[in-house]
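See structure below.
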Amino acid sequence: MNKTLVVARNEYISAVTSKGFVIGVLMMPVFMGGAFVVQYLTRDQEDLADRKVAIVDHTGELFSAIAAQAEERNQTVFAPSNSNPPRQVWPKFIVEQYVPDVEVSEQPGVVLSQRVKQQELFGFIIIDGDAISAGTGSEAAMAYHTETLTYSALPNWLEQTVNTEIQRLRMKQLDVDPSTLAAVTERVRLRRFGLVELDADGNALAAREDEDHRILKYAVPLGGMMLMFMMVMSVAPAMLNTVLEEKMQKISEFLVSSVTPFQLMLGKLFAGVGVAFTLSLLYLGAVYGLVSYFGFQDRVPPTIYLWFMLFLLLALTIFGSMFSAIGAACSEIRDAQGLMTPIV
């Protein structure tokens, strides 16, 4: 066991005193801070070109309401500020009504698709004539066409606006009072709380609402997962490279004359775990300082840090052993890269 610890100590000191380790520790905050700076500087870099959409309204009753809603929305695309002219933050939605020429049996889908390709339109929507009829259950009552399917703001707005107007017209047809329907369909919100605790005097304390636990439910697991993945992928492949390099340079032949292969590999594994723990303590210390600075330390219990270290130990033991075994089984980097693919 003493020989294993000697190997681990030498490997650990060699790793943490290298220029690459020191530069990596110093550059990680710089890269992360740079990412936030870039996001801040590019937060307003959005395509603000008008989104012009043609509407084929076969019902004959929806276009006027859609146009009115578009005009109202276009008044809200500017940021509330004292700048002159006001700064636009969202693109405007420009709607036009398209009426097919029935005398020449015109196909609106073909004609409007050509206009989209010529960049005269951003897209178009075709509304069937029975869209207002209640109980039709038609999945194709509205069809939206565009070349830019990744832009969802416009179709989402169209769907919400058209459905709101259709509901209003249906209530009018069925002689349903909108206020009565709103009162009947009003949902009761479920509020989520933690457990009720007692103070030192035996009085019940107010339970914390679930809204206060969002940082614990989302930010902590996501951040912990990313940090653990970074630690594993930083340390485990390095162990493979170390073992393979020693084999290629015939260094391992001298080492196994003093220690057994098991002691050598176990020492390297201990050293890799130590390097990962050193990095994790640095980053977790920075995280603790940040949450304490912003007053969130009560929402991240100390046991989270202990569980992270435990799972990191298990992950490094598993993956570090596997990567070290690959390095021991190969004699060339090309062979090791082929075996790394299924592991990664």
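Some values worked out for this structure:
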| read-out | value |
| --- | --- |
| Test: residue in the range 326-340 that is touching a Pro at 6+ places or on another chain (Cβ under 9 Å), under 29 Å from Val7 (Cβ atoms), of a type in the set (A, V, I, L, M) and modelled with pLDDT under 80 | yes |
| Qualifying position, being modelled with pLDDT of 90 or more and open to solvent by 50 Å² or more (accessible area, probe 1.4 Å), among Ile94, Ile66 | Ile94 |
| The range 140-167 residues that are of a type in the set (D, E, K, R), paired with ones that are assigned to a helix (DSSP H, G or I) (beta carbon under 6 Å, 6 or more apart) | Glu147/Val116; Glu165/Ala65 |
| Top-ranked residue of the range 157-207 - restricted to ones that are among the small types (Gly, Ala, Ser) and part of a loop (DSSP other than H, G, I, E, B), ranked as surrounded by the most Cβ atoms within 10 Å (Cβ to Cβ) | Ala207 |
| Residue ID - modelled with the lowest pLDDT, chosen from residues in the range 248-271 that are assigned to a loop (DSSP other than H, G, I, E, B) and of a type in the set (A, V, I, L, M) | Val256 |
| Test: Lys52 is open to solvent by 60 Å² or more (accessible area, probe 1.4 Å), of a type in the set (Lys, Arg) and out of contact with any Phe, Trp or Tyr (no Cβ under 9 Å at 6 or more places or on another chain) | no |
| Only one of Leu290, Leu281 that is surrounded by 12 or more Cβ atoms within 10 Å (Cβ to Cβ), under 33 Å from the mean Cα position of the chain (by Cα) and free of Cβ contacts under 8 Å to residues at least 12 places away in the same chain | Leu281 |
| Residue within the range 24-47 that is modelled with pLDDT of 80 or more and open to solvent by 70 Å² or more (accessible area, probe 1.4 Å) present | no |
| Test: Gly274 is at pLDDT 85 or above and either under 16 Å from Ser18 (Cα atoms) or part of a loop (DSSP other than H, G, I, E, B) (or both) | yes |
| Search result, residues across the range 105-124 that are of a type in the set (A, V, I, L, M, F, W, C) and in contact (Cβ under 8 Å) with a residue 24 or more places away in the chain | Leu112, Val116, Leu121, Phe122, Phe124 |
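Yes/no matrix, rows are residues, columns are (1) in a helix (DSSP H, G or I); (2) at pLDDT 85 or above; (3) surrounded by fewer than 17 Cβ atoms within 10 Å (Cβ to Cβ):
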residue	(1), (2), (3)
Met231	yes, yes, no
Thr242	yes, no, no
Glu246	yes, no, no
Ile304	yes, yes, yes
Leu312	yes, yes, no
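The values are calculated or read from the model by the stated rules, or taken from the named source; none is laboratory data. What you are looking at is a predicted structure, and each value in this text was computed from that prediction instead of being measured. Please note: Cβ atoms are built from the backbone with ideal geometry, for glycine as well, and neighbour counts cover all protein chains shown. Surface accessibility is based on the protein's heavy atoms, side chains included, excluding ligands, DNA and RNA. Shrake-Rupley method; radii C 1.70, N 1.55, O 1.52, S 1.80 Å.
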